[in-house]
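Structure first, commentary second.
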């Protein structure tokens with residue numbers, strides 16, 4: 001059985017959401033808040049962050065990577081290889097994880113990026129401007145009445161919902177982003193997605 005190590009309201013929600021949508025049996029192991037120092041976990045993931053998935057003898061970490069592994073292994077929640085939709089899926093799975101999430105981390109954890117406490121307000125302010133600009137750009141790329149990558153719901157939509165809820169002021173971002181709002185509403189309307197947010201004590205999107 002899969003074992004997913006995570007923490008509340010983190011990127012572990014993405015592979016968790018994939019398994020919920022697909023009805024995949026798994027053991028969810030929630031680690032305590034703060035830096036993880038448990039040697040057994042550090043043997044799986046040396047930086048102590050989450051999420052990490054064990055799949056038999058395979059250990060894989062990073063939320064987007066785990067989600068992509070699961071979709072490929074189970075043949076669902078990803079467009080067919082070689083299609084334009086597949087290319088867009090790859091783009092969004094990487095973009096949301098490698099561009100949007102680092103800005104989120106900069107805002108949530110400015111202390112990770114400086115040893116000078118006096119620099120934290122400026123770092124956080126810059127991260128917030130970056131987040132706002134990234135979501136402004138995303139708003140301009142969305143197509144009305146479609147899922148993120150095309151006509152089918154995919155793991156990219158799960159990642160999209162989680163990243164949208166990570167925004168430092170999601171109600172304000174939704175208020176100025178009608179296409180983002182519409183897509184978030186469609187994703188959250190799926191029972192598994194509503195249950196995912198509720199399980200992590202994330203209020204329903206104010207959209």
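Bear in mind that the values in this text are calculations on the coordinates, not laboratory data. Since the model is a prediction, treat every value here as computed from it, not as a measurement. Cβ: placed from backbone, ideal geometry, glycine included. Neighbour counts: every protein chain shown.
Values as computed for the structure displayed
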{"item": "Spacing of the two label points (7 Å from each Cα toward its C-beta) at residue 141 and residue 120, in nm", "result": "3.2 nm"}
{"item": "Equivalent-ellipsoid semi-axes of the stretch 152-207, from the Cα gyration tensor, Å, largest first", "result": "16, 14, 9"}
{"item": "Relative frequency of Cα-Cα separations exceeding 20 Å in the stretch 84-190, percent", "result": "40 percent"}
{"item": "Antiparallel DSSP beta bridges within the chain, percent to nearest 5", "result": "60 percent"}
{"item": "Distance histogram in 10 Å bins (all Cα pairs of the stretch 2-74, percent per bin)", "result": "21, 59, 19, 1"}
{"item": "FRET efficiency for residue 43 and residue 182, using Cβ-Cβ distance with R0 set to 35 Å, rounded to 0.05", "result": "0.20"}
{"item": "For the chain: relative contact order, % (alpha-carbon pairs under 8 angstrom, 6 or more apart)", "result": "20 percent"}
{"item": "Three principal axis lengths of the chain [C-alpha, angstrom, descending]", "result": "46, 46, 31"}
{"item": "DSSP bridge pairs, the stretch 2-74: antiparallel proportion in percent, nearest 5", "result": "60 percent"}
{"item": "Value at 222 nm in deg cm²/dmol, rounded to 500, when DSSP H runs of n ≥ 4 in the chain each add -39,500 (n - 2.57)", "result": "-15500 deg cm²/dmol"}
